[in-house]
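The values are calculated or read from the model by the stated rules, or taken from the named source; none is laboratory data. Just so you know, these numbers come straight off a predicted model, no measurement behind them. No Cβ is skipped: glycine too gets one built from the backbone with ideal geometry, and neighbour counts run over all protein chains shown.
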Amino acid sequence: GAVVSQHPSWVICKSGTSVKIECRSLDFQATTMFWYRQFPKQSLMLMATSNEGSKATYEQGVEKDKFLINHASLTLSTLTVTSAHPEDSSFYICSAPSLTSGSSNEQFFGPGTRLTVL
Amino acid sequence: AQRVTQPEKLLSVFKGAPVELKCNYSYSGSPELFWYVQYSRQRLQLLLRHISRESIKGFTADLNKGETSFHLKKPFAQEEDSAMYYCALKGLRSGGSNYKLTFGKGTLLTVNP
């Protein structure tokens, strides 16, 4: 199946700094990618939809100025957590749909990035 | 608004016993439902989708629109089935043409030897 990678797999940063997380579709193109946040032992919460060549679509309650998304190419989306605070510490996961046989695009998930803000 | 409810956080069964992971949904349109699985230290992956009506690793799930349910079942659980299971609904985002996946909170299945 299709593969989605994320970099870095984990990052520790100081409060107030910015952190960039990359999401790549390795063997397919994705005009859309999704960014999720997962708290320990909880579900995935969709943060935003990244659209290649246009602005990202944010879910209600997600600060677009804090979580900057750039979908620079058909295989790369980046999430930048600006002025990070300890409460931003979480597991960030991206996914991308790939056309599969049948009528439904299958979502392929990245391995996630563990962000810890000190 | 779309919502997915998995009432059980934890489910523990013995090897060879039947298992059923419950999932209920709320959605005004025609739903498309999925089960995702996350094994320990691995990424989330698709287990099955309702439109395929397939059995994967012995698991099946039937969409019941009357009861708005999409329960996951397996007649004989195996130890390797131990994992986190998420039910997800694909629906249109409000006010837009894009779709999104809404996940339930997940059920941690433990199959004991």
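Against the list (1) closer than 19 Å to residue B:86 by Cβ; (2) within 16 Å of the chain's Cα centre (by Cα); (3) not aromatic (Phe, Trp, Tyr), the condition residue A:40 fails is (2). The single condition among (1) closer than 30 Å to residue A:57 by Cβ; (2) within 13 Å of chain A (Cβ to nearest Cβ); (3) of a type in the set (Lys, Arg) that residue B:65 does not meet is (2). The numbered conditions (1) at pLDDT 90 or above; (2) surrounded by 12 or more Cβ atoms within 10 Å (Cβ to Cβ); (3) within 16 Å of residue A:43 (Cβ to Cβ) are all true for residue B:61 except (3). If the condition is being of a type outside the set (Gly, Ala, Ser), more than 16 Å from the chain's Cα centre (by Cα) and either at positive phi or within 14 Å of chain A (Cβ to nearest Cβ) (or both), then the stretch B:12-57 contributes B:41, B:42. Picking from residues in the stretch B:85-113 that are of a type in the set (A, V, I, L, M, F, W, C) and buried (at least 17 other Cβ atoms within 10 Å of the Cβ), the one that is nearest to the other protein chains (Cβ to nearest Cβ) is B:103.
If you go through the stretch A:51-59 one residue at a time, do you hit one that is assigned to a loop (DSSP other than H, G, I, E, B), within 13 Å of the chain's Cα centre (by Cα), in contact (Cβ under 8 Å) with a residue 12 or more places away in the chain and more than 9 Å from chain B (Cβ to nearest Cβ)? Yes, there is a match, as at least one residue in the stretch A:51-59 is assigned to a loop (DSSP other than H, G, I, E, B), within 13 Å of the chain's Cα centre (by Cα), in contact (Cβ under 8 Å) with a residue 12 or more places away in the chain and more than 9 Å from chain B (Cβ to nearest Cβ).
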